[in-house]
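Remarks on the structure that follows.
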Amino acid sequence: MPQVTLTVNGQSHTAEVEGRTLLVELLREKLRLTGTHVGCDTSQCGACVVHIDGESVKSCTTLAVMCDGASVTTIEGLARPDGTLHPMQEAFREYHALQCGFCTPGMVLSAIDLVQKNPRGLTEQQIREGLEGNLCRCTGYHNIVKAIAAAAEVMHGRRSEIARAAE
Amino acid sequence: MNVVAPFEGIGASVRRKEDFRFLQGRGAYTDDFNRQGQLHAWILRSPHAHARIRGVDTAKAAAMPGVVAVFTGADMARDNLGGLPCGWQIHNKDGSPMAEPPHPVLAHEKVRHVGDPVAVAIAATREQARDAAEAIAMDYEVLQAAATMKAAQAPGAPIIHDGAANNLCYDWHIGDKAVVDAAFASAARVVTLDLVNNRLIPNAMEPRAALGEFDRTTGDYTLTTTSQNPHVIRLLMGANVLHIPESKLRVVAPDVGGGFGSKIYHYAEEAIVTWSAGKLARPVKWTADRSESFMSDAHGRDHVSRAELALDANGRILGLRVSTQANMGAYLSTFAPCVPTYLYATLLAGTYTTPVIYCEVKAVFTNTVPVDAYRGAGRPEASFLLERLMDVAAAETGIDRVELRRSNFIPTDAFPYQTPVALQYDSGNYHATLDQALAAADWAGFEARRAEAAKRGRLRGIGCSTYLEACGIAPSAVVGSLGARAGLYEVGTIRVHPTGSVTVLTGAHSHGQGHETTFAQLVADKLGVPVAQVDIVHGDTAKVPFGMGTYGSRSLAVGGSAMMKAMDKIIAKGKRIAAHLMEASVDDIEFDRGTFRVAGTDRTKALVDISVAAYVPHNYPIEELEPGLEETAFYDPKNFTYPGGCHIAEVEIDPETGKVSMVNFTAVDDVGRVINPMIVEGQVQGGIAQGIGQALLEACVYDADGQLLTGSMLDYTMPRADDLPPVSVATHTTLCTHNPLGVKGCGEVGAIGSPPAVINAVVDALRDYGVRTLDMPATPSKIWTIINGGRRMAAE
């Protein structure tokens, strides 16, 4: 059985996997990091999005063996060790951008990548198009878009903290 | 230094406590649980829509690596397992009961839909179980399938269930047909409309999963399941299927990733894993693949109707006559029979003073996945019918669409208002929500926007719906008399701890609604305990005494009311303790948000003083009062609740492609008292997204052989962020008159008011093309065909 060594959230792991084992299966079952979710079987929904070497990737469509030597960040690795939330996590809470929470890990990681790749900012339309790979059945996306816009201001240093949502 | 804490009570947009775990990957969803020694189950499902099972050979599968057991329907029959029960019995026009065919957990003589479970392979890993399931040899004799209601009712149609002649489950009606026919005979005008309410697949983002456990040393079963109502599952599965007493069966519904109705029902897989765990004395876990969910989660909607509206010469409605066929699918799901009857036909007065109504409903079996309640459950079907009919009536009479509605509204001083279809509305102000929505959507300025869009080569349209719905389900005796086999009260326990924090046990379940925050707000408001010190416990039959769960927008109206009643009991007991401590008469004790005061004095005791005294009863009226400070209330609602409102959609069509873009959506909803405005907005936005999905994107499609063509998210169009517009959501409040909170419920209104608003807008955009009506979803292909096939009519 193939062996794969990868760093997940800063910690190195070595695991025996089958050739067909998906990265999401490795994360959830071998490493018991269950924050990354499986929501579909056709790569549509994005609940499985993680960062591999800094970029968002659907872990349901990535074989574990492809990640040998890679550095993976999952939702569990976003907050700082002292518990301080990432601005995107804070913004999601402030703007009520989650309800059942199932799409949220993948949505947050996709959103971080989208913002990181667009340092000059994003229009509402660009945010909506950038989320094409992430489905949410609960929120209607309205507040997710607002949260991402608010987080972008902080992530790119234009604000020092997440703007309060209008009442 | 006195720090004023931000207000956390009723009306505050308190940010959610549950977000901390969801945002950091610490949610505990059913598939996240793993037990020592657990096995994995893979379910083999029928690839045929209709077939006889001639034989099952599990020998090869049972011998495969890692396989511990392979079970079939025959094994379950040998163990005398009951079938999956139906929770609502409808009667025919002649008073006879509906056809109620058996629904075995695993099919063992016939399969009746693609996806019907026939066997289960249980192995050490999921992959081994899957490989084994695929090695089970099934010998099917394929039968002709009846994939549509029309095919199922045609002469010579294949019979799906013995005992359901013509594949008819029931033929029901409400109203006096002779009276309604007379109203029609005298009408100046009759408007007739044929409508389809398209079949939908709920697709909550978390696929269903179930984990069954059995402890041989105690005889205790535990089921962890993706359910909206664990107590209901315990009752139905324990009593009807596995014959396990409640005291030996614990059902846990942990974090659940969305439900929308699809996770109400007692599904076969719950019984399969629980029963298997008992037989093998090892935990058994099953998690659906998404494609598996498509063919095993209950579908929604699927009505075909003919609606007729009788009007006088001035556009006043004289009567409504409706004939509907409702698809039950291959088997009766838990609540299916009530959805197109008591949750649909009783809503056909809507916001209007229609004096007489007759509705007949035929429920039909087909070789498709069972159909049951999905967000709105019967009320979207009623609203779509009414609000499309009103627009068509406006077009045919030449009366303005808004004025036709307004002139038929139930007046604001007419409440309580008895409709001709059983329901009595307690309060509402349809003029206010209409006016507020028209202003917010700038209805008056629309024609200028249409002209501007035309210059850009776009067809712009605007449409409204003034809807009403009934939720806060439900008064037990009323629904019992209508065929419900369960009570629909809710339970709340308020446990005040010795040092003053509070634990609430609620029978309601949160799968996205934010109860851990909003229910805590109720306690903060009434007992003065900060939200951070109020813990809401739900979803575990071992912890919560009882409950009927969350669906039908009932958690606050019924569950919240139970909490309020329990808090009343806490306050009553607290006053007696306070009276003792302060040596006053109990009649002189006032209570306000955490403080007991002797009236007219500055002598006070805090709630924490009372709770300490209650648990350390040294200075205490021990002769008259037991120690402790914990109270339970069961609340049975007196009536349904009646949210209503006005939704306005504005669309633009690109005639080159037929694509409908949502430009604006405005909602003004009356959901009664608003506890947390942020949560209400979120619920309405989410419901609107599902309604827009129904109107423009989503359709569950079967072919004539009953093969599910829309079998994955590749073919079933789920709404994405760029399909949806920004949505303007506002509320207008008229309080519910019959529950302690004055709340009406907001979970489903978004999905109820929006589809007709969108289709009315699309038809309006196509007004030059002679389009009278249009079925959902209004896909680019449909619109392009209309534009290119229809004759472009000259403007007047």
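Laboratory data are not the source of any read-out in this text; all were calculated from the coordinates shown. None of the values given here were measured: they were computed from a predicted structure. With ideal geometry, Cβ positions are generated from the backbone for all residues, glycine too; neighbour counts draw on all protein chains shown.
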Q) When the helices in chain B are scored as -39500 (n - 2.57) per DSSP H run of 4 or longer and the sum is shared across all residues, what 222 nm value do you end up with, to the nearest 500 deg cm²/dmol? A) -7500 deg cm²/dmol
Q. In terms of Cα to Cα distance under 18 Å, which lysines are near enough to residue B:279, apart from those fewer than 8 places away along the same chain?
A. B:248
Q) What ranking do B:669, B:722, B:139, B:705 get, fewest neighbouring Cβ atoms within 10 angstrom at the top? A) B:139, B:705, B:722, B:669
**Q.** Whole-Hz ³J(HN,Hα) from phi, Karplus 6.51 cos²θ - 1.76 cosθ + 1.60, for segment B:126-142, glycine and proline x
**A.** 5, 5, 5, 5, 5, 4, 5, 4, 5, 9, 6, 8, 9, 10, 9, 9, 5
Q: Within 10 Å of each residue's Cβ, count the other Cβ atoms and sort B:196, A:145, B:660, A:4 from fewest upward.
A: B:196, A:4, A:145, B:660
Q. Taking only DSSP H segments of four or more residues, each worth -39500 (n - 2.57), what value at 222 nm results for chain A once the sum is divided by all its residues, to the nearest 500 deg cm²/dmol?
A. -7500 deg cm²/dmol
Q. What percent does the relative contact order of segment B:489-635 come to when contacts are Cα pairs within less than 8 Å and at least six residues apart?
A. 32 percent
Q. Relative contact order (percent) for segment B:281-327, with alpha-carbon contacts under 8 angstrom and 6 or more residues of separation?
A. 33 percent
Q: Please label the shape of chain B as rounded, prolate or oblate, based on the square roots a ≥ b ≥ c of the eigenvalues of the alpha-carbon gyration tensor (a/c under 1.5 means rounded; beyond that, a/b larger than b/c means prolate, else oblate).
A: oblate
Q) Taking the Cα centre of the protein assembly as shown as the origin and placing charges on Cβ (Lys, Arg +1; Asp, Glu -1), which of B:580, B:101, B:318 is farthest toward the positive end of the dipole? A) B:318
Q. Where the centre of each part is set by its Cα atoms, how far does segment B:161-205 sit from segment A:1-55, in angstrom?
A. 50 Å
**Q.** Within segment A:3-77: Cβ-based charge dipole about Cα centre, in debye rounded to nearest 20 (Lys, Arg +1; Asp, Glu -1)
**A.** 120 debye
**Q.** Reach of residue B:782 by Cα under 21 Å, taken over lysines that are not fewer than 8 positions away in the same chain
**A.** B:659
Q: Compute the Cα gyration tensor for the protein assembly as shown, then decide on rounded, prolate or oblate, letting a ≥ b ≥ c be the square roots of its eigenvalues: rounded whenever a/c is under 1.5, prolate when a/b is larger than b/c in the other cases, and oblate in all that remain.
A: rounded
Q | Prolate/oblate/rounded label for segment A:87-155 (Cα gyration tensor, a/c 1.5) | A | prolate
Q.
Between segment B:730-745 and segment B:42-99, what is the separation of their alpha carbon centroids in Å?
A. 45 Å
Q: May I ask for the distance between the Cα centers of segment B:302-372 and segment A:80-134, given as a whole number of Å?
A: 42 Å
Q) Under a Cβ-Cβ cut-off of 10 Å, what is the net charge of the residues other than residue B:654 that fall near it, where Lys and Arg count +1 and Asp and Glu count -1? A) +1
(Q) Just want the ordering: B:338, B:646, from fewest to most Cβ atoms lying within 10 Å of their own Cβ. (A) B:338, B:646
